[in-house]
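Following: one structure in C-alpha cells, then a few remarks.
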Amino acid sequence: EPEVTQTPSHQVTQMGQEVILRCVPISNHLYFYWYRQILGQKVEFLVSFYNNEISEKSEIFDDQFSVERPDGSNFTLKIRSTKLEDSAMYFCASLRAGRRNYGYTFGSGTRLTVV
Amino acid sequence: GDSVTQMEGPVTLSEEAFLTINCTYTATGYPSLFWYVQYPGEGLQLLLKATKADDKGSNKGFEATYRKETTSFHLEKGSVQVSDSAVYFCALDRGSTLGRLYFGRGTQLTVWP
C-alpha cells in the first residue's frame, strides 16, 4: 500500500538553528499538508499546498516557516531560527484529488526537539 | 470556530472489555467526521469516517455514529484486543474545497491481556 514517508524520524537541534523536515507524498496525490502536535496538545494544522503554492495556512505558520516542493517528489517544511516552543511532532499528509472524504494519508511523523 | 473535544486518557482496559471514547464537535456547515488511529512508531491511519448526519462508520469492529443533534461522534468497540492499544484521534473536515482537518487531543488506549 502506498505510503507517505517522512525523514528524519527524530531531529534534535539547537535553538536558533534552521531545520528542514522532509516528506515524500504518494506519487499521484496533488494536495499536501503539514500538521504538528506539541506533546499533550491537539494535532494542529499548519499549511496546505496545492499546484506549487500555499492554499491555506494557520496563524501558527508565520514568517519563520516555509514550504516547498523543490523537485516534484519531496515536500519540505523549513523552520528558520528554531525556538524551544517549536518542539513537537510534525506530520506530513497528502490527498488524492477528489477524495477528501476518503481520508488523508499521513506519514509517521518527525519528532523535533529544540534544545 | 471549528473544534473537536475528545475524551482525555489514558484509557486502560482488559481484553474483551467494551470501549467508548467520547468525541464532540463544533462546526459550521456540514462537516465530515473521522477517527484516526496511531499505532506505536507509525503514522496516523484512517480508522473510520462519516460524511453526513446519522451515518455510521465502521471498521475492524469499531463503530461511530454521526449525531448532529448532540454534535457527537463517539467511538465504540464491543470487545477490545491487546492489538487495539494505540492513540485514537477524532477529527473533522469542515467541507471546504481543499480540506483541512481539525483534531482532538488524542486518547491513549492500553489493553491488557
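Taking region B:6-37 on its own, how many of its residues are of a type in the set (S, T, N, Q), surrounded by 13 or more Cβ atoms within 10 Å (Cβ to Cβ) and modelled with pLDDT of 95 or more?
Of the residues in region B:6-37, 2 are of a type in the set (S, T, N, Q), surrounded by 13 or more Cβ atoms within 10 Å (Cβ to Cβ) and modelled with pLDDT of 95 or more.
Looking at B:Glu15, B:Glu63, B:Glu8, B:Glu69, which one is within 14 Å of chain A (Cβ to nearest Cβ) and among the charged types (D, E, K, R)?
Checking each option against the conditions leaves just B:Glu8.
Check off (1) in contact with a Lys or Arg (Cβ under 6 Å, 6 or more places away or on another chain); (2) open to solvent by 80 Å² or more (accessible area, probe 1.4 Å); (3) small (Gly, Ala, Ser) for A:Ser66 and give me the number that stays unchecked.
Result: A:Ser66 passes all but (2).
Quick check on my filter: what residues within region A:83-106 are open to solvent by less than 30 Å² (accessible area, probe 1.4 Å), within 14 Å of chain B (Cβ to nearest Cβ) and not in a strand (DSSP E or B)?
If the condition is that a residue be open to solvent by less than 30 Å² (accessible area, probe 1.4 Å), within 14 Å of chain B (Cβ to nearest Cβ) and not in a strand (DSSP E or B), then A:Gly103, A:Tyr104 are the ones that fit.
I'd like the full set of residues that are among the hydroxyl-bearing types (Ser, Thr, Tyr) and under 11 Å from the mean Cα position of the chain (by Cα), limited to region B:26-52.
B:Tyr36
For a quick check of your reading: which strands (runs of 3 or more DSSP E) sit entirely within region B:27-111 and have at least 2 residues that are more than 29 Å from A:Ser9 (Cβ to Cβ) and touching a residue at least 24 places away in the same chain (Cβ under 8 Å)?
Qualifying strands (runs of 3 or more DSSP E): B:32-38, B:75-77.
When you go through B:Gly104, B:Gly99, B:Gly57 one by one, which is the residue that is at pLDDT below 95, open to solvent by less than 30 Å² (accessible area, probe 1.4 Å) and more than 20 Å from B:Val11 (Cα to Cα)?
It is B:Gly99.
The values are calculated or read from the model by the stated rules, or taken from the named source; none is laboratory data. Because the structure is a prediction, the values reported are computed rather than measured. Glycine gets a Cβ as well: all are built from the backbone with ideal geometry, and neighbour counts include every protein chain shown. We work out accessible area using only protein heavy atoms, side chains counted, and drop any ligands, DNA or RNA first. Shrake-Rupley method; radii C 1.70, N 1.55, O 1.52, S 1.80 Å.
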